[in-house]
1. Could you derive backbone 3J(HN,Hα) for segment 21-33 from the dihedral phi with the Karplus parameters 6.51, -1.76 and 1.60 (θ = phi - 60°), listing whole Hz in sequence and x where the residue is Gly or Pro?
2. I'd like the distance between the alpha-carbon centres of segment 77-107 and segment 11-38, rounded to an integer number of Å.
3. With every protein chain left in place, what is the accessible area of SER90 in Å² (1.4 Å probe, nearest 10)?
4. Measuring from label point to label point, each 7 Å out along Cα→Cβ, what is the HIS165 to TYR103 span in nm?
5. Between LYS141 and THR4, what FRET efficiency follows from the Cβ-Cβ distance if R0 is 41 Å, with the result rounded to 0.05?
6. How much accessible area does GLU52 have with a 1.4 Å probe, in Å² rounded to the nearest 10?
7. Using the Karplus curve 6.51 cos²θ - 1.76 cosθ + 1.60 with θ = phi - 60°, work out ³J(HN,Hα) for each residue of segment 35-52 in order, rounded to whole Hz, and write x for Gly and Pro.
8. How do ASP198, ASP2, ASP96 rank by accessible surface area computed with a 1.4 Å probe, from largest to smallest?
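The values are calculated or read from the model by the stated rules, or taken from the named source; none is laboratory data. Not measured: the values here are computed from a predicted model. Don't worry about glycine lacking a Cβ; one is built from the backbone with ideal geometry, like all the others, and counts go over all protein chains shown. Heavy atoms of the whole protein, side chains included, go into the accessibility calculation; ligands, DNA and RNA do not. Shrake-Rupley method; radii C 1.70, N 1.55, O 1.52, S 1.80 Å.
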Amino acid sequence: LDNTTRAGAWHPLAAAYLATGQPQKALQVLLPLWAVSSDRLSRIRLAELLLEAYSDLTQSESASKVADALESEFPDDAEAIAIAAEWRASQPDNFDRAISLFYGALDNAADSRQKDRITLSLAALYYKKQRFAESADLYGKLVPFADHPALVRRYLLSLFYSGAHREALRVAQDQRAGGPAIPVISAIEAHLLEETGDLEGAKRLLADLVGKEPDNPDHRIRLAYLR
């Protein structure tokens, strides 16, 4: 690319450098623009890629300055604050600050789609930190509107590990809808059925799971125990 084309194609070019493991080249594209850019959208997009590049290079001090700039320049912009929160969440001892930023971004979300994206990031952070009651509450707001197996599994696991077993059983049974066993989901359902005393129901699910996942010894052990 010549210089003119390169300047106009900075976002896909920098993203391509990052995707191919060349963060230093990405910085060469991004830093000159970061120094002069004043457009809100461009500046937020630049910051997002800069944070990724600095993270790849483990240059946390430089990344922190970019996150600081997002927070100070766009305090009421949900997307900018969520990007800063994502980076803060990846750093040791920044959990509380990241949580505060995420909730601030939620308060300023422009529409339901943006709010859902931020909620998903916040739920994932709580889940990673094993704060399952909080992650269950947030995933519960997303699951009714999203047909995504990984999302449902995280919601179910959050419910289970937070002790909300009655709701976890309802979610697992709703997902299976009387059909064959579903890996992970039905394993939890079988455990919960055992808790309620429905040993026959638990055994049927485990037998089905043995057929679906023959290399998983846990299903065989639990089924043998119940028998």
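1. Rounded to whole hertz, the list is x, 10, x, 5, 5, 4, 4, 4, 7, 7, 4, x, 6.
2. Cα centroid to Cα centroid, the span is 23 Å.
3. Accessible area, nearest 10 Å²: 70 Å².
4. The modelled label-to-label distance comes out at 3.1 nm.
5. The pair LYS141/THR4 has a calculated efficiency of 0.35.
6. Probe radius 1.4 Å; accessible area of GLU52 about 90 Å².
7. Result, ordered by residue: 6, 10, 5, 10, 5, 4, 5, 4, 5, 5, 5, 4, 4, 4, 6, 4, 4, 5 Hz.
8. ASP96, ASP2, ASP198
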